[in-house]
Amino acid sequence: MKIVVNNQLINYSDEGKGDVVLLLHGWGASLQTFDAMTNSLVRNYRVVRLDFPAFGGSPRPTNSWSVGDYADNIIGFLDKIGIKKVAVVIAHSFGGRVTIKLAGEGKLKPGKIILIDSGGIRHSSSPRQRAYKLLAKTGKQVFRIPGLNKVGDAARRRLYQGAGAMDYFEVGDEMRETFIRIINEDVRDIAANIQHPTLIIWGEDDKETPVVDGEIFHDKISGSKFKIITHAGHFAYLDQPDEVMKEIESFLK
């Protein structure tokens, strides 16, 4: 489905009935990476997911955006489709960064938050080096997902386009500037303001956002739970879907 939010076209999916679960994907990914998780959650929840502007089926913004701009876009999107209350936000990587911004600044007050391999900790390497490393590896990681060879070629191409096709050096000046603005914003202090029950899930072998980042968020977010998933990298929910869903379902009870 498509909707226009503040002159920005947004591609989204809205399935099921009940309390709202909002799924927010990572940088370079798309709502499609949550297909399996949605199939599990939709039995008991209304599951809403969208493509962030510049990814999946949502076109690029016409100017550079900050984390705050993406956060404001989420608020506008929820308002536009009539959602007044979000029971749970499940956010991966860049989606986690946006979620921390939203919840930490009080713009969104979900019942619970689940962060999976969340971004948001600024590191010392240059933005150019980190951008290339992160975006290049994103696509490769998706193709290491067990069982992906079972999907059709067309679906495989769409998933690749959603999860790894936007190389930093080819995305255009506006998106380069957007990426630099985003990775240069450290949200650990904002995370300290979060009072919502929070589960933090991390892939033990995550090289893009290392486990120490999860430990920092766990320390900052009072009362949070921290679960490390073995044999999983930056896409823990794809590398070990059953284990991650087990943790999610236990947390939501």
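None of the figures in this text is laboratory data; all of them are computed from the coordinates on show. Please read these numbers as outputs of a predicted model, since none were measured by experiment. Glycine gets a Cβ as well: all are built from the backbone with ideal geometry, and neighbour counts include every protein chain shown.
Quick one: grab the alpha carbon gyration tensor of the stretch 7-50, order the square roots of its eigenvalues as a ≥ b ≥ c, and give me rounded if a/c is under 1.5, else prolate or oblate depending on whether a/b is larger than b/c. Taking the square roots of the gyration eigenvalues as a ≥ b ≥ c, the stretch 7-50 is oblate. On the beta carbon distance between Arg60 and Glu215, with R0 = 30 Å, the FRET formula returns roughly 0.30. Can you list the residues, at least 5 places off or on another chain, whose amide H is less than 5 Å from the amide H of Gly203, using H built in the peptide plane? Sorted by chain and number, the residues that satisfy this are Asp117, Ile229, Ala236.
For the stretch 15-111, the square roots a ≥ b ≥ c of the C-alpha gyration tensor eigenvalues yield an a/c of 1.5 or more together with a/b not exceeding b/c, which makes the shape oblate.
The stretch 83-125 and the stretch 10-60 have Cα centres lying 14 Å from one another. Ranked by the mean number of other Cβ atoms within 10 Å of their residues, highest first, the peptides 239-250, 50-61, 112-123 come out as 112-123, 50-61, 239-250. For a test of the definition: using alpha carbon positions, the gyration tensor, and the 1.5 limit on a/c, classify the stretch 205-253 as rounded, prolate or oblate. It comes out oblate by the Cα gyration axes.
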